[in-house]
Amino acid sequence: MSGVRSWVVRRLLLGLGQTAAVVLLVFALTEALPGDAAVVLAGDQPDPDRIAAIREAMELDRPAHERLLDWAAGLLHGDFGTSLVSDRPVSTYLADGFGPTLLLAGLTVALLVPTGVGLGVLAARHEGRFVDRLVSSTTLGVYAVPEFAFGVLLITVFALRLGWLPPTAVGYGTDLLGHPAALVLPVVVLLSRPVCSLARLVRAGMIDALDSPYVAHARRYGLSGVRLRYAHALPNAVAPAAQQLARTIDWLLGGVIVVEALFVIPGLGTVLINAVAERDVPVVQGLAVVFGLSTVVLNLGADLVTHRLTPRAGVAA
């Protein structure tokens, strides 16, 4: 038990170190961005005196290390800073975009697990036969298509040609639940690649589990059919997918940015794109920290889940 506790403590300390590294890296990268927010705010024909005044008002003339320390201290108290463009707290941008992004990611994950596991089990049950080849070739082909290209294809076919679904979420605002048709294409695009990778991983795990000695032993005791597959083989096939699922959820954060831009959804991805275009550094920093911390938390959670499912391997890690 002491070994387990020390392993958990090491993972938590590693998570804290990664969090500090994320904060430092975000600040360094935003400092290295080309352009100047003061120049953007000064207009198309900026006056040097006006630019200098804006820089002073926004405290951009202070040394970088002082601004880093102030910003990090604010993060510890939940203060992400203030927008350079609108003078609004960055937290309001996060609050405005959080709902649509969480809705997209939540729906995708809710559909991802049963769909990916179901396809993987289906392919494993028919290993080497037509169904297995169909599932394997389809998932491989869909996975090879970039999200943006797949989204454009879906919009062309189902929105512009057939007229079954709206091409974008323009006009719906953040009330996407009130217009579920606007969510269909974005969620399908977000599902396309992760469901393929999860299905292929579960398929391989199920084939190995069904050929394992403990399943053969269960068969000798008369177990077969649904109980053998789902009560004995599936848990061992799904256990290795915990890390992959965490990486997939982490990947969704990046995929949401592309999808929100393509379907004009007012989520965190759209907020980030607008902030980069306006050179609104505090908003970019706040969003980058949120995405980075999400990655750290998801991977830490996956480590703990994997350790719980396979404790000996976790302690040795």
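The values are calculated or read from the model by the stated rules, or taken from the named source; none is laboratory data. All of these numbers come straight from a predicted model, not from anything done at the bench. All Cβ positions, even for glycine, are placed from backbone atoms using ideal geometry, and neighbour counts span all protein chains on display.
Some points to look at:
- Yes/no for THR168 being surrounded by fewer than 19 Cβ atoms within 10 Å (Cβ to Cβ), at pLDDT below 85 and among the polar types (S, T, N, Q): yes
- Meets criteria (within 27 Å of GLY99 (Cβ to Cβ) and among the aliphatic types (A, V, I, L, M)) for LEU165: yes
Residues are listed down the side, and each one gets a yes or a no for (1) in a helix (DSSP H, G or I); (2) among the charged types (D, E, K, R); (3) modelled with pLDDT under 80:
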| position | (1), (2), (3) |
| --- | --- |
| ALA218 | yes, no, yes |
| TRP251 | yes, no, yes |
| GLY254 | yes, no, yes |
| VAL259 | yes, no, no |
| PRO266 | no, no, no |
| LEU272 | yes, no, no |
| GLY286 | yes, no, no |
| VAL289 | yes, no, no |
| THR295 | yes, no, yes |
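- Selection from segment 95-117 of residues that are over 20 Å from TRP251 (Cα atoms) and touching a helix residue (DSSP H, G or I) at 6+ places or on another chain (Cβ under 8 Å): ASP96
- Of all positions in segment 121-139, at least one carries a residue that is buried (at least 18 other Cβ atoms within 10 Å of the Cβ) and farther than 15 Å from VAL195 by Cβ.
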